[in-house]
1. Which order do peptides 31-41, 68-78 fall in by mean Cβ count within 10 Å, highest first?
2. Report the per residue volume, in Å³, of the convex hull enclosing the C-alpha atoms of the range 1-43.
3. Can you give me the long-range amide H partners of residue 15? Hydrogens built in the peptide plane at 1.01 Å from N, cutoff under 5 Å, separation of 5 or more residues or another chain.
4. How many nm separate the modelled label positions at residue 64 and residue 34, each set 7 Å beyond the Cα in the direction of the Cβ?
5. Under the Karplus relation 6.51 cos²θ - 1.76 cosθ + 1.60, θ = phi - 60°, what is the ordered set of whole-Hz ³J(HN,Hα) values for the range 30-36, x standing for Gly and Pro?
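FYI, it's all coordinate maths here, none of it is from the lab. Remember, predicted model here, so these are calculated numbers, not experimental data. Cβ: placed from backbone, ideal geometry, glycine included. Neighbour counts: every protein chain shown.
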Amino acid sequence: LLLEEFRALGGEAIEVVTGSHTAAHYVEFAKYAQLFGLKASQGSDYHGHGISFMGMGRLPALPSQCVPVWLDWPEAQLLSVADNLIN
């Protein structure tokens, strides 16, 4: 019900992968994202040496069924164009 209301009020994405959740949580949150038509994000959870649960850049990738929220960002489109030019 909460995610349904979130979506109805214009919510577009939820954080699926974080440093404080398990792999089972990632799968569960990915299912919710799909079910409610939400894009997915991935937190770094890096707050400094000795403070964080996870080292910077150490989180796993989003589950393959997730649509990353950053794909809609203009910067992502520029990176895609640059990647195509390089390759």
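1. Values: 31-41: 16.5, 68-78: 12.0.
Put in order of decreasing packing, that is 31-41, 68-78.
2. About 64 Å³ per residue, rounded to a whole number.
3. 41
4. Once both label points are built, they end up 1.2 nm from each other.
5. Taking θ as phi minus 60°, the curve returns 5, 5, 5, 4, 5, 4, 9 Hz for the range 30-36.
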